[in-house]
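The structure under discussion appears below in the form of structure tokens.
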Amino acid sequence: MKNKFALYIHIPYCIKKCNYCDFLSFPGCSSVDINRYLAALTEEIKCGLDFYSGYELSSIFIGGGTPSILENSQLDLIFDGLHKSISGEIEITMECNPGTVTKQKAAFWHAGGINRISMGLQSANDDELKMLGRIHTYEDFLRSWDIISEEGFCNRSIDLISGLPYQTVSNYSETLNRVLALKPEHISAYSLQLEEGTPFFETYGEDDLPDADTDRKMYELTDSKLSGQGYHRYEISNYARDGFESIHNKTYWQRGNYLGVGLGAASMMDNIRFSNTRNMVKYLECHTGFVSGDNMDTVSWESDNLGTVFRERYSDGPEKLDKKSQMEEYMFLGLRLIQGIDIDSFNSEFGTDFDTLFGKKVKKLIDEGFLSRQGNRLSLTKAGIDVSNIILAEFLL
Amino acid sequence: MDKSKIRNFCIIAHIDHGKSTLADRIIEQTGLLTSREMQAQILDNMDLERERGITIKSQAVRIVYKAKNGEEYIFNLIDTPGHVDFNYEVSRSLAACDGAILVVDAAQGIEAQTLANVYLALDHDLDVFPVINKIDLPSAEPQRVKDEIEDVIGIEAQDAPLISAKNGIGIEDVLERIVTHVPAPVGDEKAPLKALIFDSVYDSYKGVIIFCRIMDGTVKKGTTIKMMATGATAEVVEVGYFGAGQFIPCDELAAGMVGYITASIKNVKDTMVGDTVTDLNNPCEQPLPGYKQVTSMVYCGVYPADGAKYPDLRDALEKLQLNDASLFYEPETSIALGFGFRCGFLGLLHLEIIQERLEREYNLDLVTTAPSVIYKVHKTDGEVIELTNPSNLPDPSTIEYMEEPIVSAEIMVTKDFVGSIMELCQERRGRYISMEYIEETRALLKYELPLNEIIYDFFDALKSRSRGYASFDYELKGYERSELVKLDILINKETVDALSFIVHAQSAYERGRKMCEKLKEEIPRHLFEIPIQAAVGGKVIARETVKAVRKDVLAKCYGGDISRKKKLLEKQKEGKKRMRQVGNVEIPQKAFMSVLKLDEE
């Protein structure tokens, strides 16, 4: 069986940067800039797919930024490079922002192979949307939602954020109700993190955010309302109806291979982590120097040559993860999934004994009610999920 | 050497009144040192001292001055520590001198500490002459300060040199005055050796270097010396005098001279400050008066933050003690903190200095417990225990009564703040003795205060409540019976021995409550609720609760950027490393010093 990998494609453009956002994205760029970037990106996709031609693509995720601002002709450049590498029906997701979706675009996406849409709604309350710096109203969202639904997308996800400044439980509850009425197949429910360097971080402090009890109520409300409507939680922040868990996102938690292309994108292939430069000028420069084709056969990921070939491309790494890091990641990523981790798989993957490594800690955390162990599966309990940062830190070696 | 050409003197000043700067100028202008050789402040050669702007260990320097009368004079300038913790050392340095320069800031006038040191100098029959410094300051009032010196101290001040040590103004005047106003030493070179130890330092090549003033007789290489108090004997290897920043060997030291002796002595404990050095084979009859065994006033537990560093801490203390005979330590164990040492200090400043040196020079990360004084515990069976560690207090039912040390304190403060300072003294269980106005705007307050009320933060409180205008000096008066109780702190129902302290019964509730509040701030939330209780004799008198963490989840873990997620978890783990595990609870190291900060608000 071929090794699999997921492909992430980063489109770092937006109409306007949202007030809470610390993702790598640029608002209001000209089509000339975008086209130059896409030229570099398609080149990188081509080289990457060539380099990993021995691997099988398991999912694709086009994220951003706002990929849906791309015109069909621009997106076509990307699709073009992908088609021949895709075999069979794999999950291909595109992130969309309300207000950037048209019927023509949606039809083109569908025809181009996109089969999953992740819609950034964040809130169904117009005041909150305004505060977040979103370019759309709830009405705008509904129009976009109708379009993608009409165009035949039947794997649709909605992103929500709770714990907004001055948000009340009843406001948030209303957002949940509105979203549930739309019957999306998948919901990602995050809670707000004030990230340094964002306008939110500058504007708001602890006092502006809902207090701990309110925040917790919203968080519990998410779980109870969604569970009541046929969604199951499969990851700390992710809920799906049966059969609609995101294959792509699960790759991250299960430590599958993934290749990130585009500005600042992170990758992990065969236990080597590396990231693209976050500097646009550098990114555009180095795609032309990107070594491809025959040369690549002589490059081993283990060898020093790697440095010379990729030095320019990658701002971080490549870092070959040692066994300790791999085991740590296995735990703190795997436990984010509600199904938890499989202890036998851990033992066979690392040729070690789980209980010798973690037995004592695990027993204590089970006794305290934060972990549960059933047979070979170890998972966070509900109480454990609530304080998962503390629990997961226990698994750093 | 002609004794009439020797002048042995010291400089007395309040902190910041310019003692070290004047010393530098004197050394500079006597020409023995080029400017290039000058460190910024020669007498203060420890980094720490420089940062704090104070001098800790006494040192001496010998310089040559060619006076206006054409004669060359030897000046021995003996430096004195400027803090109340080192009062005894000051008194021994003064005893090595024949005269003293009193430096008074032209703007600030006399301070409590100045006064205390001047009285000390007069007690030692030193001839004191004043110098008014910082006359170039816009706020200088030399005439007012002169009058003040005459009124308060009662020494002639109208012809005092007006100088600016910083800008080198009037230094010549000072030098001439040393010649004319400091008496030449007396003493008989033919009499048996009698020398006063005023300091000693340990040198890894030479062993202990004794700093001494020869009162009678002579000492040279080969003399077998005896320290009269400690009884230690040794054969002299070298004698010499103090060049600026270096030791200059000479053939002999004779009566009237100041210099050093080395004799391959291994331990500074053999050469205690104030002891008398004599010739074993031709001893003097009586030692010099004034020798006291230094006793620690303040004790605290010192523990390595990382238990594995215990041997490092022991080695460091051993090395520090080589140079500091007043540092006391003995091993102790704490349930909360593991293996460490109970250390005794001259005072809180001394404690802080040692703590900083351990951390800085020996690169140790320390946890220190709240400082404690020595309590006398009179048991029902007649036994008297000197208690230095509160957690060792015997069962209350076996205690007849307890005594605590009391100090006589003098506080000098400007009129406007008399009220708030008196209030402070009342709060600290002070007993009012007297108040006199030493001039129209300034009062000298005398109080008796329990030492345990002033070792924590009294000095800081004094400064903040007087906007820096109060100065303070104290000496131990004796022990008094007092209603004392041990306050225990329970964290998650377990008594944390390192947090126990002795407190006056009337303050127990207040202190206990504040302590719980403080600890509530210091202890991070855990996965479970943590009660923090203060108890006296098993009875809980205050309680706070650190609530359990109910939500700590990184809901947004997007994309493949795992390293960021890991960094966050690592930060969480790092934080835990700086904690002490007591039962199930992780207590941050600084929480153990909380008791010191109860009056911060």
When Rg is the radius of gyration of the Cα atoms in the range A:342-393 and Rh is its Kirkwood radius, what does Rg/Rh come to?
0.98
Starting from the exponent 0.38 and prefactor 2.2 Å, build the expected Rg for the protein assembly as shown from its residue count and divide its actual Cα Rg by it.
1.27
Helix-derived [θ] at 222 nm for chain A: sum -39500 (n - 2.57) over DSSP H runs of at least 4, divide by residue count, nearest 500?
-12000 deg cm²/dmol
In sequence order, what are the phi-derived ³J(HN,Hα) couplings for the range A:361-371 according to the Karplus relation 6.51 cos²θ - 1.76 cosθ + 1.60 with θ = phi - 60°, rounded to whole Hz, with x for glycine and proline?
4, 4, 4, 4, 5, 5, 4, 7, x, 9, 10
Using helices alone, I'd like the mean residue ellipticity at 222 nm for chain B: each DSSP H run of four-plus residues gives -39500 (n - 2.57), total over residue count, nearest 500.
-7000 deg cm²/dmol
So if R0 is 56 Å, what FRET efficiency would B:Glu480 and A:Asp223 give, r being the distance between their Cβ atoms, rounded to the nearest 0.05?
0.30
Mind checking the mean number of beta-carbon atoms from other chains within 10 Å of the Cβ atoms in A:381-393?
6
Distance from the range B:203-236 to the range A:200-244 (C-alpha centre basis), Å
79 Å
Set Lys and Arg Cβ to +1 and Asp and Glu Cβ to -1, take the dipole of the protein assembly as shown about its Cα centre, and tell me which of B:Pro192, B:Gly419, A:Ser59 lies farthest positive.
A:Ser59
log₁₀ of I(q)/I(0) at q = 0.07, 0.08, 0.10 Å⁻¹ - chain B, Debye sum with one point per alpha carbon:
-0.51, -0.65, -0.96
Given H placed 1.01 Å from N in the peptide plane, which residues other than close sequence neighbours of A:Tyr13 have an amide H under 5 Å from its amide H?
A:Phe26, A:Thr66
Taking Cα centroids, how far is the range B:116-170 from the range A:2-51 in Å?
77 Å
Can you work out ³J(HN,Hα) from phi for every residue in the range B:134-140, in order, using Karplus 6.51 cos²θ - 1.76 cosθ + 1.60 and θ = phi - 60°, giving whole Hz and x for Gly and Pro?
6, 6, 7, 5, x, 8, 5
Along the charge dipole of chain A, which of A:Ser85, A:Leu392, A:Val261 sits closest to the positive end, that is, farthest toward it, with unit charges on the beta carbon of Lys, Arg, Asp and Glu (+1, +1, -1, -1)?
A:Ser85
Links that overshoot a 18 Å alpha carbon limit, given the list B:Lys379/B:Lys486; B:Lys266/B:Lys309; A:Lys382/B:Lys551
B:Lys266/B:Lys309
Which percent, to the nearest 5, of DSSP beta bridges fully inside the protein assembly as shown are antiparallel?
75 percent
For a 24 Å ceiling on Cα separation, which of these pairs sit above it: B:Lys3/B:Lys134; B:Lys19/B:Lys146; B:Lys520/B:Lys573; B:Lys5/B:Lys166?
B:Lys3/B:Lys134; B:Lys5/B:Lys166
Excluding residues on the same chain fewer than 8 positions from A:Lys363, give the aspartates and glutamates whose Cα lies under 18 Å from its Cα.
A:Glu328, A:Asp342, A:Asp344, A:Asp353, A:Asp355, A:Glu394
Which of the peptides B:328-336, B:585-593, B:114-122 is most tightly packed, and how do the rest follow, judged by the mean count of other Cβ atoms within 10 Å per residue?
B:114-122, B:585-593, B:328-336
Would you work out the charge dipole size for the range A:342-393 about its Cα centre, treating the Cβ of every Lys and Arg as +1 and the Cβ of every Asp and Glu as -1, and quote it to the nearest 20 debye?
200 debye
Quick one: work out the % antiparallel among DSSP beta bridges in chain A, nearest 5.
40 percent
So the number of lysine pairs in the range A:4-252 with alpha-carbon atoms under 26 angstrom apart, 8 or more residues apart or on different chains, is 26
Using a Cα-Cα cut-off of under 15 Å, which aspartates and glutamates could be cross-linked to A:Lys282, ignoring same-chain neighbours fewer than 8 residues away?
A:Asp33, A:Glu43, A:Glu44, A:Glu312, A:Asp316
Quick one: check the C-alpha center-to-center distance for the range B:387-459 versus the range A:77-139, whole angstrom.
74 Å
Calculated FRET efficiency for the pair A:Glu349/A:Lys282, C-beta based, R₀ 35 Å, to 0.05
0.45
Can you tell me the dipole magnitude for the protein assembly as shown around its Cα centre, using point charges on the Cβ only (Lys, Arg +1; Asp, Glu -1), in Debye to the nearest 20?
2460 debye
Given N residues in the range A:144-291, what is its alpha carbon radius of gyration divided by 2.2 N^0.38 Å?
1.29
Under 18 Å from the Cα of B:Lys220, which aspartates and glutamates turn up, not counting those fewer than eight places away in the same chain?
B:Asp2, B:Asp188, B:Glu189, B:Glu235, B:Glu238, B:Asp251, B:Glu252, B:Asp279
Using θ = phi - 60° and Karplus 6.51 cos²θ - 1.76 cosθ + 1.60, couplings along the range A:320-330 (whole Hz; Gly, Pro as x):
7, 6, 7, 4, 4, 4, 4, 5, 4, 5, 3
Once you compute Rg and the Kirkwood Rh from C-alpha atoms, what is the Rg to Rh ratio for the range A:4-252?
0.97
Just the number please: accessible area per residue for the protein assembly as shown, 1.4 Å probe, all protein chains included, in Å².
42 Å²
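The values are calculated or read from the model by the stated rules, or taken from the named source; none is laboratory data. Note that the structure is predicted; figures quoted are calculated from it, not measured. Methodologically, a virtual Cβ is constructed for each residue, glycine included, from the backbone with ideal geometry; neighbour enumeration extends over all protein chains shown. The area values use the complete protein model at the heavy-atom level, side chains included, leaving out ligands, DNA and RNA. Shrake-Rupley method; radii C 1.70, N 1.55, O 1.52, S 1.80 Å.
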